[in-house]
């Protein structure tokens, strides 16, 4: 077996979106001649804990852990959080914050901790890995970010030891949706761009999750970018017994619902339909599974939809997949940000594998829209397209009442995690042959 060292901040029992991509690659890499070795912190600050993900780690996989020091004690104190409270990603806040404190926290995050708050893990990790890999070499190093600290570790280790390196971007760096909300000084912005460019220039291969993301990166540094989307794992979708769909017309959003994903046009469309259609008042259920920003809660209440909402703060991934199969419609919300066209969330592909129709709000010329059209797994309307959202909901509700609300899906097999791992393994093979 060829050996691959994977540097990932997120690893089970941590839960959330950042874990899934490389957990699934690690699960299937041995099928393609690669033995994975995972390097991760022993004490990370993760948004959730999900013990159910541990079952996906192959037997005898070596997981190397060293401690990390992070400035979150100070950050939590500044925000008035308790020591045990979790830090949420992408500026999600379940309660309205003091504007001054919130702005100060964001400024510190963007200007002091570059590339991110895990920066203090770089030096000890480089020292540890250089010593370790001199004694027990590997064939390739892979870093997955964010956090982009992982790329800085890989860059220095690769440069020191001459080991080929693949930088995998699950999200962009300076083009991520909230980058311009970081209140960066000119000097901080310049440093972020300089570090980002050093990764794009020096990595032997760079992988990204969508075609538009590759185009965006090419505008920063012109080179070849390999697109390997997120996907779904067939093994996650198989349960003993029959999964019954909800008796109500349930519209379910699974995962973190940030302010930038708040679908105001959808809430307005639903509100109008509820007022016009007494039947819908009895049938409608809005299921929100995961953390929800206070702005979304306010919008739902303003639209008069609060009484239809069923909240579940967090479910382990094994239960999430069941909820997807039980729900009548799955809600896919693209961030209403400049990089919206390139956003392909991991849950999109799990939605696709569930056999339930997808209702998407986002750019109709984006990567998600193209896949929805190709696979015939759902409908999309633009961010401000009230009439489009209304028509799509009405269409799905009509099918629900007739007992015909389902999708078969076309050409979805290429998004299976096993298939995608084969693509990643081919890139790993290519960099060691250079």
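Values in this text are rule-based calculations from the coordinates and carry no lab data. Bear in mind that the values here come from a model prediction, so they are computed numbers and not experimental data. Using ideal geometry, Cβ is built from the backbone for each residue, glycine included, and neighbour counts are taken over all protein chains shown.
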Take the Cα of residue 318, step 7 Å along the line toward its Cβ, and report every residue of the stretch 1-34 whose backbone nitrogen sits under 16 Å from that point.
12-16
The relative contact order of the stretch 234-413, taking Cα pairs under 8 Å that sit 6 or more residues apart, comes to a percentage of 24
In nm, to one decimal, how far is the modelled label at residue 66 from the one at residue 120, with both set 7 Å along Cα→Cβ?
1.6
Where labels lie 7 Å past Cα in the beta-carbon direction, separation of residue 277 and residue 419 in nm:
3.3
Label the stretch 279-319 by shape, choosing from rounded, prolate and oblate, from the square roots a ≥ b ≥ c of the eigenvalues of the Cα gyration tensor; if a/c is under 1.5 it is rounded, and otherwise prolate applies when a/b is larger than b/c, oblate when it is not.
oblate
Exposure proxy check: 383, 221 ranked by fewest other beta carbons within 10 Å?
221, 383
Percent relative contact order of the chain, based on C-alpha pairs within less than 8 angstrom and at least six residues apart?
16
Return one number: the angle in degrees, 0 to 90 and rounded to the nearest 10, between the long axis of the Cα atoms of helix 417-433 and the longest principal axis of the Cα atoms of the chain.
20
Given a Förster distance of 22 Å, report the FRET efficiency between residue 218 and residue 159 from their Cβ-Cβ distance, rounded to the nearest 0.05.
0.40
Cα-based Rg of the chain per 2.2 N^0.38 Å, rounded to two decimals?
0.99
Using 0.36 nm times the number of residues separating residue 311 and residue 376, minus their current alpha carbon distance, what extension gain do you get?
20.5 nm
If I fit a long axis through the Cα atoms of helix 17-28 and take the longest principal axis of the Cα atoms of the chain, what angle between them do I get, 0 to 90°, rounded to 10?
60
Based on the Cβ-Cβ distance from residue 54 to residue 112, what FRET efficiency comes out when R0 is 35 Å, to the nearest 0.05?
0.50
quick shape note, the stretch 234-413: Cα extents on principal axes in Å, largest first -> 41, 38, 30
Please determine, in degrees from 0 to 90 and to the nearest 10, the orientation of helix 386-402 with respect to the longest principal axis defined by the Cα atoms of the chain, where the helix direction is its Cα long axis.
70
Can you pull the one-decimal nm distance between simple spin-label points at residue 42 and residue 134, each 7 Å off the Cα toward Cβ?
2.2
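When a/c reaches 1.5 or more, the comparison of a/b and b/c decides; with that in mind, is the stretch 311-434 rounded, prolate or oblate per its Cα gyration tensor?
Values: a/c = 1.97, a/b = 1.54, b/c = 1.27.
Note, shape of the stretch 311-434 comes out prolate.
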